[in-house]
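Chemist: Before anything else, here's the structure in question.
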Amino acid sequence: MDTMQDGVTTNVDPIRRRLLAMGALSAIVLPTSALAATDEAALMKGVQSRLRQPEWLRGDFEQSKQVPGFKKPVVSRGDFVVARGRGVLWHTRTPFESELRLTRDEIRASQGGATAMRMDAQREPALRLVNEMMFALLGGDVGALSKLFVMDGELTGATAWKLDLRPRQASWLQVLQRLALSGDTHVRAVELVEAGGDITRIAFSNLRESAPEGGARLFD
């Protein structure tokens with residue numbers, strides 16, 4: 001179904017279905033034993049103690065998406081901004097310029113300065129769940145991630161860590177099989193394995209804890 005958003009016509013149904021499939025609420029929760037829960041809590045505490053959670057975090061990213069049936073992955077590069085309590089700004093520079101902005105209230109995608117898609121999180125309860133996952137992922141909030149995923153992993157050396165996350169809600173397994181994170185004081189790499197076999201890898205670099213030009217106005 002085509003809809004008009006800020007003067008731009010876009011087909012939002014595929015995007016909506018994908019987001020809601022990822023965030024669909026389900027009463028079926030994957031079981032965990034008391035021992036596993038204790039181990040998971042200790043791992044979460046260990047990783048959390050190594051991660052910094054600054055007011056601002058920005059840097060560069062390289063994303064590689066491997067699709068079954070294709071020999072070469074699709075690679076994109078750009079930069080991002082995470083403002084704690086405000087939102088996430090994901091700016092792809094190559095091969096095509098686009099921008100994805102997430103706040104607690106909405107997800108907005110734009111291209112060429114025009115809004116291509118906007119979804120209201122207040123009207124889509126499941127969309128709020130997707131937002132929570134993205135805020136937690138890019139902000140390194142392990143406590144929030146533990147509410148959404150069953151955790152496994154390890155602490156290595158003085159600062160390094162690895163996490164392997166699997167969705168707690170059975171409905172998410174229809175879209176996402178697992179999520180792997182690694183880092184030190186910040187998340188440095190992400191691997192996302194979808195149920196259909198697509199694998200997305202993201203590497204973060206040039207990280208710095210400072211506000212960009214425009215500051216909080218970027219999320220107005």
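Chemist: Could you list, ordered by first residue, the pairs with Cβ atoms under 9 Å in which the first is in region 158-182 and more than 19 Å from SER49 (Cα to Cα) and the second is of a type in the set (Val, Ile, Thr) and not in a strand (DSSP E or B), at least 6 apart or interchain?
Modeler: So the pair list comes out as PRO167/VAL175; ARG168/THR32; GLN169/ILE28; ALA170/ILE28; SER171/ILE28.
Conditions (1) open to solvent by 50 Å² or more (accessible area, probe 1.4 Å); (2) among the acidic types (Asp, Glu); (3) at pLDDT below 80, marked per residue:
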residue: VAL67; (1), (2), (3): no, no, no
residue: PHE70; (1), (2), (3): yes, no, no
residue: GLY78; (1), (2), (3): no, no, no
residue: ARG108; (1), (2), (3): yes, no, no
residue: THR115; (1), (2), (3): no, no, no
residue: LEU148; (1), (2), (3): no, no, no
residue: ASP152; (1), (2), (3): yes, yes, no
residue: ALA160; (1), (2), (3): no, no, no
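Chemist: Another question, then. Just checking, how many residues over region 88-106 are open to solvent by less than 60 Å² (accessible area, probe 1.4 Å) and modelled with pLDDT under 85?
Modeler: Here the count works out to 3.
Chemist: Same structure again: Would you pick out the residues in region 193-208 that are more than 19 Å from ALA160 (Cα to Cα) and either open to solvent by 40 Å² or more (accessible area, probe 1.4 Å) or not in a strand (DSSP E or B) (or both)? So that I can check it myself, show each step before the final result.
Modeler: Taking region 193-208 as the starting set, the residues that turn out to be more than 19 Å from ALA160 (Cα to Cα) are 193-200.
Answer for region 193-208, where residues must be more than 19 Å from ALA160 (Cα to Cα) and either open to solvent by 40 Å² or more (accessible area, probe 1.4 Å) or not in a strand (DSSP E or B) (or both): ALA195, GLY196, GLY197, ASP198, ILE199.
The values are calculated or read from the model by the stated rules, or taken from the named source; none is laboratory data. Model, not experiment: these values are computed from the prediction. Methodologically, a virtual Cβ is constructed for each residue, glycine included, from the backbone with ideal geometry; neighbour enumeration extends over all protein chains shown. With ligands, DNA and RNA removed, areas are computed over all heavy atoms of the protein, side chains included. Shrake-Rupley method; radii C 1.70, N 1.55, O 1.52, S 1.80 Å.
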